[in-house]
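In what follows, a structure is listed as structure tokens, so that the remarks can point back to it.
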Amino acid sequence: MFTGIIEATGKIATVQPLEGEGLRVMVVSEHLDLRDVAIGDSIAVNGGCMTVIAKTEHSFKYDISAESLRCTVGLEDPGREVNLEKALRLGDRLGGHLVSGHVDGLGEVLKFVEVGESWQLVVQADKSLAKFIAIKGSVVINGVSLTTNQVKDVNDRCIFSVNLIPHTVAVTSLKHLKAGDKVNLEIDLIARYLERMLPEADPFEALKKRKG
């Protein structure tokens with residue numbers, strides 16, 4: 001488990017092909033304290049939960065499968081800055097929200113602009129994620145826990161926006177985003193379980209009824 005509060009950023013240094021379609025990736029970070037990380041522990045890399053298979057004082061390696069490559073973005077690009085968070089320990093402060101590190105889908109950045117003292121990030125997601133994204137709810141973008149302030153269902157897309165304070169922009173890799181970029185999205189953990197327990201509800205059906 002994670003919180004979506006980024007501890008440090010790092011850069012993807014090397015990428016090596018494995019037998020089959022997977023990759024072995026090394027991330028270098030001068031600021032992530034790896035002293036308490038053991039082989040087999042988990043680190044969230046841009047929102048994806050990765051298992052540490054080797055480490056040095058300032059770097060670690062993980063293997064990423066073909067399936068993970070298919071449903072995520074930015075976990076295997078040499079030179080890319082990535083957001084890093086070590087797994088949550090019992091007793092740690094929960095500053096964001098409960099995050100599993102399992103990417104639910106990809107979003108596309110529509111707009112990332114400075115507005116006053118903060119930044120507005122507008123993202124469109126597939127309609128399959130629409131019912132899990134609510135105003136003032138939680139969403140994870142590239143591993144960062146954020147609060148949605150606008151949500152709109154349009155045709156086959158869900159468009160939502162979040163505000164980023166200058167600190168978040170400064171200490172995460174979100175600062176590099178631009179229109180057209182793909183991002184990793186994870187929906188709220190509680191919303192995922194509620195959907196399983198409650199009768200199916202499609203917000204796009206409700207939208208059609210209002211229009212009809």
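The values are calculated or read from the model by the stated rules, or taken from the named source; none is laboratory data. None of the values given here were measured: they were computed from a predicted structure. Cβ sites come from the backbone with ideal geometry, for glycine too, and all protein chains shown count toward neighbours. When the accessible area is computed, the model is the full protein with side chains, heavy atoms only, and any ligands, DNA or RNA have been set aside. Shrake-Rupley method; radii C 1.70, N 1.55, O 1.52, S 1.80 Å.
So the values come out like this:
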quantity: Label-point gap, in nm, between I53 and R24 - each point 7 angstrom along Cα→Cβ; calculated: 0.6
quantity: Carbon/sulfur fraction of accessible area - segment 1-147, other protein chains in place, 1.4 Å, %; calculated: 51
quantity: Förster radius 22 Å - calculated FRET efficiency between N149 and C71, Cβ distance, rounded to 0.05; calculated: 0.25
quantity: Whole-number percent relative contact order across the chain, with pairs defined as alpha carbons under 8 Å at least 6 apart; calculated: 23
quantity: For semi-axes √(5λ) of the Cα gyration tensor in Å, calculated from these coordinates, the label among (1) 30, 19, 17; (2) 33, 18, 15; (3) 42, 15, 14; calculated: (1)
quantity: Gyration tensor (alpha-carbon) shape descriptor, segment 34-112, a/c threshold 1.5; calculated: oblate
quantity: Segment 1-114: Lys pairs at Cα distance under 16 angstrom, eight or more positions apart or on different chains; calculated: 5
quantity: Mean ellipticity per residue at 222 nm, deg cm²/dmol - from DSSP H runs of n ≥ 4 across the chain, formula -39500 (n - 2.57); calculated: -3500 deg cm²/dmol
quantity: Centroid-to-centroid separation of segment 22-61 and segment 137-194 [C-alpha atoms, Å]; calculated: 24
quantity: Segment I39-A179, length gained on full extension (0.36 nm per residue, minus Cα span); calculated: 46.7 nm
quantity: Residue with peak Gaussian network fluctuation, the chain [Cα springs, cutoff 10 Å], from L198, L32, L146; calculated: L198
